[in-house]
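Below you'll find the structure, written out as structure tokens, and then a few comments.
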Amino acid sequence: MSTTEHRQAAAHARLGQSQPNAAPLFHHVNLKTTRKAEMIEWYQRVLEMDVVFDHPAGAWLTNDSANHRIALLALPGLRPDPDRRFHDGMHHFAFEFGTFEELNSKYLRLLDERIEPSVCMDHGMTLSYYYADPDFNFVELQCDVFGDWDKSQDWMRNRLAEMEFVVGAAVDPAKVAHAAAGGMGIEAIHAKAYEGGFTPETPPDLGTPPPPPGVPPILRV
Ligand SMILES: [Fe+2]
């Protein structure tokens with residue numbers, strides 16, 4: 001059973017039990033859109049989503065046993081927001097692979113389909129590739145560099161504050177894929193990436209306004 005399947009099994013086991021004062025588990029995200037058909041196709045490609053229910057008012061998709069993980073609400077009266085990078089609200093949501101190899105393989109398959117990430121980062125606890133959907137919602141595909149949620153959370157709680165760049169280092173996923181093809185494993189890739197060893201040739205698009213002058217950078221580029 002993969003790490004992801006283990007987590008899903010644990011979550012399902014917990015959902016089947018009655019626990020007073022239990023914290024709810026994350027279930028789905030609902031996106032308003034004017035491009036339902038284009039969005040469905042993109043989520044099918046990028047997140048392997050299957051359409052559970054489609055209707056003129058919306059579509060509901062899943063990539064596991066939940067009834068849906070993403071809803072696309074296509075109500076009349078909506079309009080695209082060309083300035084959304086300057087507006088507040090959601091920046092991204094994330095899906096996790098159980099291993100680096102799965103993330104890298106997905107990156108290479110999407111590259112074949114001409115779908116490329118807008119920005120990729122080593123955050124210190126995850127390697128994270130961010131893709132912009134047709135509405136410019138960012139979707140993060142990630143793997144945990146520790147391969148262990150307890151170690152990962154411990155690093156974030158107890159080590160992150162010591163780091164110079166709070167969101168980590170930008171990485172070029174093509175350089176990472178090349179290193180992986182040469183036999184480099186996730187531990188070595190992470191160590192090199194976090195020190196800036198895989199930075200891209202051009203600055204990545206974070207989907208946010210440019211930082212004002214004088215503000216200390218939070219990302220190593
Ligand atoms: Fe994230």
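A few points about this structure:
- Convex hull (Cα only) mean projected area of segment 107-194, reported in nm² to one decimal: 6.2
- Separation of the residue 150 and residue 64 label points, Cα + 7 Å toward Cβ, nm: 2.0
- Phi-derived couplings, Karplus 6.51 cos²θ - 1.76 cosθ + 1.60 at θ = phi - 60°, listed residue by residue for segment 142-157: 9, 9, 7, 6, 8, x, 7, 4, 5, 5, 5, 5, 4, 4, 5, 5 Hz, with x used for Gly and Pro.
- Less than 5 angstrom separates the built amide H of residue 143 from those of 97, 127, all sequence-distant by 5 or more or on a different chain.
- Contact order relative to length of the chain, as percent, for alpha carbon pairs under 8 angstrom and 6 or more apart: 17
- J(HN,Hα) series, segment 121-127, from Karplus relation 6.51 cos²θ - 1.76 cosθ + 1.60, nearest Hz, glycine and proline x: 9, 9, 7, x, 10, 9, 9
- Computed about the Cα centre, the dipole magnitude for segment 43-177 is approximately 260 debye when only Lys and Arg (+1) and Asp and Glu (-1) carry charge, each at its Cβ.
- Of 153, 17, 119, farthest towards positive along the dipole that unit charges on Lys, Arg, Asp, Glu beta carbons give the chain: 17
- Here the simple spin-label model places points 7 Å from the Cα toward Cβ, and for residue 18 and residue 112 these points are separated by 5.0 nm.
- Evaluated over the chain, the count of Lys pairs having alpha-carbon atoms less than 28 Å apart is 8 (only pairs 8 or more residues apart or interchain).
- Estimated from the Cβ-Cβ distance and a Förster radius of 41 angstrom, the FRET efficiency linking residue 205 and residue 27 is about 0.90.
- Along segment 171-181 the Karplus relation, 6.51 cos²θ - 1.76 cosθ + 1.60 evaluated at θ = phi - 60°, assigns HN-Hα couplings of 10, 8, x, 5, 5, 5, 4, 5, 4, 5, 5 Hz to successive residues, with x for each Gly and Pro.
- Segment 47-87 and segment 149-197: distance between their alpha carbon centers, rounded to Å: 32
- The per residue volume of the convex hull around the alpha-carbon atoms of the chain is 163 Å³.
- Debye equation applied to the C-alpha atoms of segment 147-200, log10 I(q)/I(0) at 0.12, 0.13, 0.21, 0.28 Å⁻¹: -0.32, -0.37, -0.85, -1.09
- Residues with amide H under 5 Å from that of residue 118, placed H, sequence gap 5 or more: 130, 131, 132
Bear in mind these aren't lab numbers, they're just calculated from the coordinates by the rules spelled out. Worth saying up front: this structure is predicted, and the values here are computed from it rather than measured. When we count neighbours, we look across all protein chains shown, and the Cβ atoms used for this are built from the backbone with ideal geometry, even at glycine.
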